[in-house]
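Some notes on the structure that comes next.
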Amino acid sequence: MAELSISVTRHVKAPAETVWQVLTDLDNAAETLSGVIRIERLAGEGYAVGTKWRETRKMMGKEATEDMWVTEVDAPTRTVVKANSHGMNYTSGFTLKPDAAGTILEMHFSGESESTSRISKIFTAVFGRLGARVTGKFMAKDLEDIAARAERLAGE
């Protein structure tokens, strides 16, 4: 069961194929996402199940680096990415739904502690809400950045 779960949705004035192109363009992610400093590809080419990379972001004034990998791809409508850091397993899922004016882009993020200790659960309960607010803001900014690039590519 997820201890942290957040969803953010944004409408993008671009076709789903264009949004998918931007979302899965790892090699240009640092130019697209304002919070990403650099991406280092670790395994795989393009974007497919098994593709792995190291992502460094600026978060609250500090650099944070995570290894991430693709676990599901259903182009151009859905993908899932996983990461594991500091005793937490993270899952980020993206869903693209075409509509008459473009694409509805949804990001769902969840985190689950590997620890089953009572102290860990209390810590997560106390600090989880703050973390959820901060994480939600980062997610919204990522979707804003993806939308801006997709809309430029689509000529909107």
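Brief remarks follow.
- Summing +1 for each Lys or Arg and -1 for each Asp or Glu among the other residues whose beta-carbon sits under 9 angstrom from that of residue 51 gives +1.
- Order by protection proxy (mean Cβ within 10 Å, highest first), peptides 32-39, 101-108: 101-108, 32-39
- Rounded FRET efficiency, nearest 0.05, which uses the C-beta distance separating residue 72 from residue 13 and R0 of 30 Å: 0.70
- Helix-derived mean residue ellipticity, 222 nm - over the chain, DSSP H n ≥ 4, -39500 (n - 2.57), to 500: -10500 deg cm²/dmol
- Nearest-10 value in Å² for the accessible area of residue 68, using the 1.4 Å probe: 30
- Added length on full extension, which subtracts the Cα-Cα distance from 0.36 nm per residue, residue 144 to residue 36: 37.5 nm
- Percent accessible area from carbon and sulfur atoms, the chain, protein chains only, probe 1.4 Å: 54
- Rounded if a/c under 1.5, otherwise prolate or oblate - the stretch 23-98, Cα gyration tensor axes: prolate
- Full extension of the chain segment joining residue 5 with residue 104 gains 33.7 nm, where the gain is 0.36 nm per residue of separation less the Cα-Cα distance.
- Applying a threshold of 19 Å to the alpha-carbon distances of 62/141; 13/137; 13/97 flags 13/137 as lying beyond it.
- Net charge contributed by nearby residues that have their C-beta within less than 13 Å of residue 41 (K/R +1, D/E -1): -3
- Helix axis angle, 118-154 relative to the chain longest principal axis, alpha carbon, degrees: 10
- Label-to-label distance, residue 84 versus residue 64, with points set 7 angstrom from Cα along the beta-carbon direction: 1.9 nm.
The values are calculated or read from the model by the stated rules, or taken from the named source; none is laboratory data. Small disclaimer: the values here were computed from a predicted structure and weren't measured. Positions of Cβ are backbone-derived with ideal geometry, glycine not excepted, and every protein chain shown enters the neighbour counts. We work out accessible area using only protein heavy atoms, side chains counted, and drop any ligands, DNA or RNA first. Shrake-Rupley method; radii C 1.70, N 1.55, O 1.52, S 1.80 Å.
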